[in-house]
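A.B. asks: Sharing a structure with you now.
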């Protein structure tokens, strides 16, 4: 009896976008909440009001630039892994579901999982590149030598944030397209190559972010060389 019901159940193929977009909204909402906390709530807790702009800025000026650099490195690997994991979840679930109806698609659609995993590799590469700039050059007194000290921390922060957000979008795009590719391939094998081309272009978004991040981090210099 259960086998007789299986085809009817499988006819109701879910739309990957319907599942993915609520997650994207949750991530964007969390990012907005973090920005509001850092830019509004934290200064207010420190006793700063909207009429005291100088004191408001002093809160951020008092943060060690090495902290900004460290947060940027954390962002690049964190957002990249979130994007890769999200893409693998969306694409992988659709591939497994479509394999029930069309087992022959399971091998070639693994390329969608590989492209999603590449997003995490982009983050690792960029985190390693940024970490080479994240170093102390001590002088005789044991204090960090000042050479474009603050700007270097902000540069690494923005470079990490730029690449991380780019990889997050890249992972989401590749995962959603990969999910659609698996469902389309199960219905018509001739569609696989055509959709794969679109998926490759989506994967290139992460490379664009890395290129921009490398250019940005090249301007940072924590040493006095």
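The values are calculated or read from the model by the stated rules, or taken from the named source; none is laboratory data. These figures come from a predicted structure and were not determined experimentally. Heads up, the Cβs are rebuilt from the backbone with ideal geometry, glycines too, and the neighbour counts pull from every protein chain shown.
A.B. asks: I'd like to check something: does segment 15-22 contain any residue that is more than 14 Å from residue 165 (Cα to Cα), out of contact with any strand residue (DSSP E or B) (no Cβ under 8 Å at 6 or more places or on another chain) and modelled with pLDDT of 70 or more?
C.D. replies: Checking segment 15-22: at least one residue is more than 14 Å from residue 165 (Cα to Cα), out of contact with any strand residue (DSSP E or B) (no Cβ under 8 Å at 6 or more places or on another chain) and modelled with pLDDT of 70 or more.
A.B. asks: Now, a different point. So, in segment 158-173, of the ones that are buried (at least 23 other Cβ atoms within 10 Å of the Cβ) and farther than 17 Å from residue 27 by Cα, which residue ends up nearest to the chain's Cα centre (by Cα)?
C.D. replies: 160
A.B. asks: Is it true that residue 125 is modelled with pLDDT of 90 or more and outside the structural domain of residue 31 (by TED's automatic domain parsing)?
C.D. replies: In short, yes.
A.B. asks: Is it true that residue 214 is under 28 Å from residue 25 (Cβ atoms) and in the same structural domain as residue 95 (by TED's automatic domain parsing)?
C.D. replies: Considered against the rule, which asks whether it is under 28 Å from residue 25 (Cβ atoms) and in the same structural domain as residue 95 (by TED's automatic domain parsing), residue 214 comes out as no.
A.B. asks: Oh, and also: Test of understanding: among 84, 55, 33, which residue is outside the structural domain of residue 173 (by TED's automatic domain parsing) and at pLDDT 80 or above?
C.D. replies: Going through 84, 55, 33 in turn, the sole match is 33.
A.B. asks: Now, a different point. Inside segment 36-52, can you point out the residues that are part of a helix (DSSP H, G or I) and at pLDDT below 75?
C.D. replies: If the condition is that a residue be part of a helix (DSSP H, G or I) and at pLDDT below 75, then 38, 39, 40, 42, 43, 44, 45 are the ones that fit.
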